[in-house]
Amino acid sequence: MQMKETCAVITGGASGLGEATARLFAEAGAKVTLLDRNAEQGEKVAAELGGTFVETDVTSEASVQNAMQAAVAAMGKINTAVNCAGIGTAEKTLNKNGAHSLEHYQRIININLIGTFNVARLAAVEMAKNDPTDDNQRGVIINTASVAAFDGQKGQAGYAASKGGIVATSLPMARDLAREGIRVMAIAPGIFLTPMLMGLPQEVQDQLAADVTNPRRLGDPREYASLARFICECGYLNGEVIRIDGALRMQ
Ligand SMILES: NC(=O)c1ccc[n+]([C@@H]2O[C@H](COP(=O)([O-])OP(=O)(O)OC[C@H]3O[C@@H](n4cnc5c(N)ncnc54)[C@H](O)[C@@H]3O)[C@@H](O)[C@H]2O)c1
């Protein structure tokens, strides 16, 4: 699907990887609707891009249904969904407070995994209404996993589980939606310089960058965005997870 035909909902579009994706897609001629719970930042980014912002909590069925209706009203249809909303909090299984908080674990799974599926399934409802292309296609869903799905670090039991769930979902969801002509892909980023990372001291950022094989630096969110664009444009990619990490393999 070419960018000029793309009508994309992008969750987490107010910041980081989602924002970079919204910017690159809009610059390339796509219509974009940003879904985020951060209204102040989301409105600002959408206004700059000539896109639409809808305050959304990805974990809520009603909120995402409302966002899909608003996106269809703004763009005419939805044929692309990029899921970037997520949190990256950490806690060890046993820590100074005792066992990992169950509430915290449930929160990570709820936002990262259930929120992603919630958006994907409700975007698919709208995509299924599209006229098919010559290749019998109606849309593409791109979910954001993490290299933590494969080599999670200390304190990432919840985060890694949420991202592993996203990896595991790609193939069955691609199979489920084959009849409708909707592709489902996941991107597993390494370490990207987003607001999440920018808050860390410079020496910690340098240490993280030193572990990257080549190029020895943190990822630029625009590199994530260009992969998301490539997935949209390359119609034979489906049911797979692509790492984008400078060959980083965390110990
Ligand atoms: N930055 C990295 O190095 C990195 C690496 C691997 C994976 N990821 C994943 O990429 C995604 C984006 O990360 P980022 O670095 O851009 O983070 P970020 O914090 O810059 O952006 C995340 C956005 O998600 C939004 N959000 C959080 N919970 C939400 C909810 N319930 N409903 C709607 N919006 C919500 C936030 O408001 C924020 O705007 C996340 O899923 C993260 O786990 C990031």
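The values are calculated or read from the model by the stated rules, or taken from the named source; none is laboratory data. Computed from a predicted structure; not experimentally measured. Reconstructed Cβ throughout: ideal geometry from the backbone, glycine too, with neighbour counts over all protein chains shown. Surface areas here come from the heavy atoms of the whole protein model, side chains and all, with no ligands, DNA or RNA. Shrake-Rupley method; radii C 1.70, N 1.55, O 1.52, S 1.80 Å.
General observations
- Across the stretch 3-243 the C-alpha pair distances fall into 10 Å bins from zero in the proportions 8, 33, 37, 17, 4, 0 percent.
- Accessible surface for the chain, divided over its residues, is 48 Å² per residue with a 1.4 Å probe.
- P(r) tail fraction, the stretch 162-251 - alpha-carbon pairs more than 22 Å apart, %: 37 percent
- Per-residue extension of 0.36 nm, minus the Cα-Cα distance of N66 and E40, leaves a gain of 7.5 nm for this segment.
- Only helices reaching 30 angstrom along their own axis (Cα) with mean Kyte-Doolittle hydropathy no lower than 0.0 count here, and not one DSSP H run of the chain does.
- Value in Å of the Kirkwood radius, where the stretch 60-188 supplies the Cα pairs that are averaged: 15.6 Å
- Loop-located trypsin sites (Lys or Arg not before Pro) in the stretch 135-206 (DSSP state other than H, G, I, E, B) with a sparse environment of at most 15 neighbouring Cβ atoms within 10 Å: K154, R179.
- Nearby lysines by direct alpha-carbon distance to K96 (threshold 20 angstrom, same-chain neighbours under 8 apart not counted): K154
- Carbon plus sulfur fraction of accessible area for the stretch 3-243, probe 1.4 Å, in percent: 52 percent
- Relative to one another, the C-alpha centroids of the stretch 87-136 and the stretch 165-181 are positioned 15 Å apart.
- Evaluated at q = 0.25 Å⁻¹: base-10 log I(q)/I(0), Debye formula over Cα of the stretch 1-91: -1.28
- Taking 19 Å as the limit for the C-alpha separation, the pairs K92/K163; K44/K129; K4/K31 exceed it in the case of K44/K129.
- Beta bridge orientation in the chain: antiparallel %, DSSP, nearest 5: 5 percent
- Dimensionless Rg ratio for the stretch 154-206, taking C-alpha atoms and the 2.2 N^0.38 Å reference: 1.60
- At R0 = 22 Å, FRET efficiency that the Cβ-Cβ distance of R222 and Q202 yields, to 0.05: 0.55
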